[in-house]
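Below is one structure, written out as structure tokens; comments come after it.
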Amino acid sequence: MKVSLPWPPSVNHYWAARGNSRYLSPRARAWREEASWRLRAARNGRGRITREVAVFVFAYPPDRRKRDLDNILKAILDALVHGGILKDDSQVAEIHLIRRRPEPGGMVELYLEVIDP
């Protein structure tokens with residue numbers, strides 16, 4: 001499976017807090033909905049993947065600012081579950097995360113490959 005997603009929110013902006021409780025920030029919620037819609041469209045009506053997968057992420061940041069590349073993984077893995085692609089993100093046995101050149105607005109190209117037993 002291959003899909004392009006908008007640039008995800010960093011884990012630093014993924015959660016919001018009110019008192020002692022934490023919740024998904026409005027920005028993160030909006031991104032997750034958009035990403036989930038695109039993931040479901042790419043899956044084309046097929047059910048959830050039930051086996052282990054390898055995830056390949058090609059990250060095209062929105063600009064040249066310094067970023068911790070691993071901070072975008074939480075949003076991407078959560079979207080795979082929320083979008084109905086995986087039952088649980090514990091199915092991810094391999095993660096390959098590669099930064100590419102900046103693109104206006106930023107984006108990630110996501111490839112999912114089922115791992116043969």
- Calculated from DSSP H runs of 4 or more alone, at -39500 (n - 2.57) each and per residue, what is the 222 nm mean residue ellipticity of the chain, nearest 500? -7500 deg cm²/dmol
- Task: Return the loop-located trypsin sites (Lys or Arg not before Pro) in the range 1-65 (DSSP other than H, G, I, E, B) with at most 12 other Cβ atoms within 10 Å of their own Cβ; answer none if there are none.
- Result: Arg46, Arg51, Arg64, Arg65
- Task: Heavy atoms only, probe 1.4 Å: what % of the accessible area of the range 18-117 goes to carbon and sulfur, would you let me know?
- Result: 47 percent
- Message: Taking loop as defined by DSSP and a crowding limit of 14 other beta carbons within 10 Å, which GluC sites (Glu not before Pro) in the range 1-86 fit?
- Response: none
- DSSP beta bridge pairing in the chain, given as percent antiparallel to the nearest 5: 70 percent
- Query: Summing +1 for each Lys or Arg and -1 for each Asp or Glu, what net charge is found among the other residues whose Cβ lies under 12 Å from the Cβ of Ala28?
  - Reply: +2
- Query: Using a 1.4 Å probe, what is the accessible area per residue for the range 33-78, in Å²?
  - Reply: 60 Å²
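The values are calculated or read from the model by the stated rules, or taken from the named source; none is laboratory data. Small disclaimer: the values here were computed from a predicted structure and weren't measured. Positions of Cβ are generated from backbone atoms using ideal geometry, with glycine treated the same way; all protein chains shown enter the neighbour counts. SASA here: full protein model, heavy atoms, side chains in, ligands and nucleic acids out. Shrake-Rupley method; radii C 1.70, N 1.55, O 1.52, S 1.80 Å.
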